[in-house]
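**Student:** Sharing a structure, written as structure tokens. Questions coming.
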Amino acid sequence: MEVPTIKIKKFILRPYKKKDQASLAKNINYKKIYRNTLRIPYPYTLRDANGWIEKNLEEHKKKKPDKINFAIDINGEIVGGIELGGIEEHQAELGYWLTPKYHNKGIMTLALKKITKYGFEKLKLKRIYACVFPFNEASKRVLEKNGYKLEGILRKEIKKDNKLLDDCLYAKVR
């Protein structure tokens, strides 16, 4: 499936490219990003970036991909990412990150709005959900601004760094 490019005033949502390795590795390599996400390693190396990009290029070749990842590109630099993953017939899970330099500028709120619209309109999803750690207030605000509702708190749902953590389940339905 071809991943579209979505142009927005402040940034571009587009598929990852091989040449994005250095930019991705530099901008995702923050302890704060690691702390607030489940699957992003820290430190994040060029090897990690290469593996991620290769996985995405392979996924894009599928007729019905399991996930669709968009790079958030500002002036040719990868400053964030947003994914619709675990795509099933009617639903998908949302995941995202943004380098700290661009926090509090409305970028992720707008990116999430565009990807939610894409999921509902192009993929014909009926439900998009996201899991957020209870301490990640900024992420909860981004979801709420886009009409996502807290469905519940999953107690001791996630194991990260050998600790059991709660997870807040948000969803938007169409």
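**Student:** Got a sec? How would Phe135, Phe11, Phe120 order by Cβ neighbour count within 10 Å, fewest to most?
**Tutor:** Phe135, Phe120, Phe11
**Student:** Just want the answer: with Cβ charges of +1 for Lys and Arg and -1 for Asp and Glu, which residue in Gly86, Gly119, Ile72 is farthest toward the dipole's positive end in region 61-154?
**Tutor:** Result: Gly119.
**Student:** In whole Hz, what ³J(HN,Hα) sequence does region 103-108 give by Karplus (6.51, -1.76, 1.60; θ = phi - 60°), x for Gly and Pro?
**Tutor:** Using θ = phi - 60°, the values come out as 5, 6, 10, x, 5, 5 Hz.
**Student:** Scan around Tyr16 for amide H atoms under 5 Å from its own, H built in the peptide plane at 1.01 Å from N, and keep only partners 5 or more places away or cross-chain.
**Tutor:** Ala71
**Student:** Shifting gears a bit: Using the crude model of +1 on Lys and Arg Cβ and -1 on Asp and Glu Cβ, and no other charge, please compute the dipole size for region 58-149 relative to its Cα centre, in debye to 20.
**Tutor:** My answer is approximately 360 debye.
**Student:** Kindly flag which residue pairs out of Lys31/Lys145; Lys117/Lys172; Lys18/Lys114; Lys9/Lys105 have an alpha-carbon separation exceeding 19 Å in this structure.
**Tutor:** Pairs exceeding the cut-off: Lys31/Lys145; Lys18/Lys114.
**Student:** Using a simple spin-label model with points 7 Å from Cα along the Cα→Cβ vector, what separation in nm is obtained for Glu157 and Glu88?
**Tutor:** Spacing of the two 7 Å Cα→Cβ label points: 1.4 nm.
**Student:** In addition: Could you check what % of the DSSP bridge pairs in region 6-129 are antiparallel, to the nearest 5?
**Tutor:** 85 percent
**Student:** Taking neighbour counts of Cβ atoms within 10 Å as a proxy for exposure, in what order, fewest first, do Lys17, Lys163 appear?
**Tutor:** In increasing order of surrounding Cβ atoms, one gets Lys163, Lys17.
Just so you know, all these numbers are worked out from the coordinates, no wet-lab data involved. The structure presented is a predicted model; accordingly, all values stated were derived computationally and were not measured. Cβ coordinates were reconstructed from backbone atoms using ideal geometry, including for glycine residues, and neighbour counts include every protein chain displayed.
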